1. Could you pull the Cα extents of the chain along its three principal axes, largest to smallest, in whole Å?
2. When ranked by the protection proxy of mean other Cβ atoms within 10 Å per residue, highest first, what sequence do the peptides 191-202, 260-271, 160-171 form?
3. For region 369-426, state the average projected area of the convex hull of the C-alpha atoms over all orientations, rounded to one decimal in nm².
4. Grab the Cα-Cα distance for residue 16 and residue 173, subtract it from 0.36 nm times how many residues apart they are, and report the gain in nm with one decimal.
5. Stretch residue 23-residue 298 to full length: gain in nm at 0.36 nm per residue minus the Cα-Cα span?
6. Would you mind checking the tilt of helix 278-298 against the longest principal axis of the Cα atoms of the chain, expressed as 0 to 90 degrees and rounded to 10?
7. On C-alpha positions alone, give me the angle between the axis of helix 242-253 and the longest principal axis of the chain, in degrees, nearest 10.
8. Put a dot 7 Å past each Cα toward the Cβ at residue 333 and residue 82; how far apart are the dots in nm?
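What follows draws every value from the coordinates through simple rules; no lab data is involved. Only a predicted model underlies this, so the values are computations on that prediction, with no experimental measurement involved. A quick note on method: Cβ atoms are made from the backbone with ideal geometry, for glycine too, and the neighbour counts reach across all protein chains shown.
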């Protein structure tokens, strides 16, 4: 979620409400502090989502494809990872007795959420069948396995990715013709349930089951709403929205008197951009904004640190000189290109829209004539300069928006891994020497409090809460 995506979504939201759009204000644009984050991986000028998530969750920059390991780890090399593990702020929070959880619209084993609980030299090792035999023999385990072992104390887990959790001889819960992908015969959903109290722990996979979960009587919740990633917001059926998942997660976690951590990722924004679908990207950004607004409504800025950021940008641009109020997904309204063909305000430097006439066999020739084409549908491919099957990430800095205790520590331009250190400092996690003289005004106990951390990797939200106010 680069700055261009934020700007485009802001205009899109306003226009959906009947305004010109440019004057709209998104929830995080009201936050008290703002900074920039440098997103490069240690071996890549333009980053991937694994190395970036390792940076802002674990506090160290890492190479491309690396999950929860320091820079000693090499992609795909199990041996290099065996002594390179670094823990995330979520694991630190659990050690302090805080309730934790995460919500994503991607697979729960995908790169961003995986960095909260797993350690892997390859982000693609989501189930056991993904790991080469020689690497598995060295002791590396798949990310889904680590979710139910290293992540077993995480109280709320919601997103997609059932295929990574069930064996290849078992049908999916929702799609009988689809099987799981595990080749070890394990059903990790059953294992997760077996490890929990049946009265207070629930596995759900559709909207009705989700709605029937009572947060007051629930301690652990595993929600897997798709076999792979969840649906785009514009196409969502029988799945909770990201705002609904956020609200349910907070209601479950906020019962903990010691505070909680929550990460919320709108991962499909990234996928929409990779597909060249700016309409889907904007729809999902607006849906995420509703989740941020809900989190702000349910928490108190006096004891809650909220961070909204991105793991990286994309190569989407907003160009031309259109009139104010011109549809952000529409055609430029004041003329045509030098080739006498119309063009859209939104475009990509590379991606699927670079293929002339959307024909994979014709990679050269004239630009596509968009006269009479509805460019505002969620799955319209905005034009791109370089034809690629998948649009790439962008390498420019991304924004950090912060509100609440210690939010002033976000200022200027920071290395991306700085975020984890701010969270640890604000929440008194890890080395708490700066918290030793702190006395909780509610109970007189010396020591650290908790906080709330929200982040936005392609867009995502992490929440910590500090109980400084007496209740």
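1. 71, 52, 45
2. Working: 191-202: 13.8, 260-271: 29.4, 160-171: 21.0.
Listed from highest to lowest mean packing, they are 260-271, 160-171, 191-202.
3. Working: hull surface 28.8 nm².
The number I arrive at for region 369-426 is 7.2 nm².
4. Details: separation 157, 0.36 × 157 = 56.52 nm, distance 3.56 nm.
In short, 53.0 nm is gained.
5. On the way: separation 275, 0.36 × 275 = 99.00 nm, distance 2.59 nm.
96.4 nm is the gain from fully extending residue 23 to residue 298.
6. Value to nearest ten degrees: 30.
7. 10
8. 6.5
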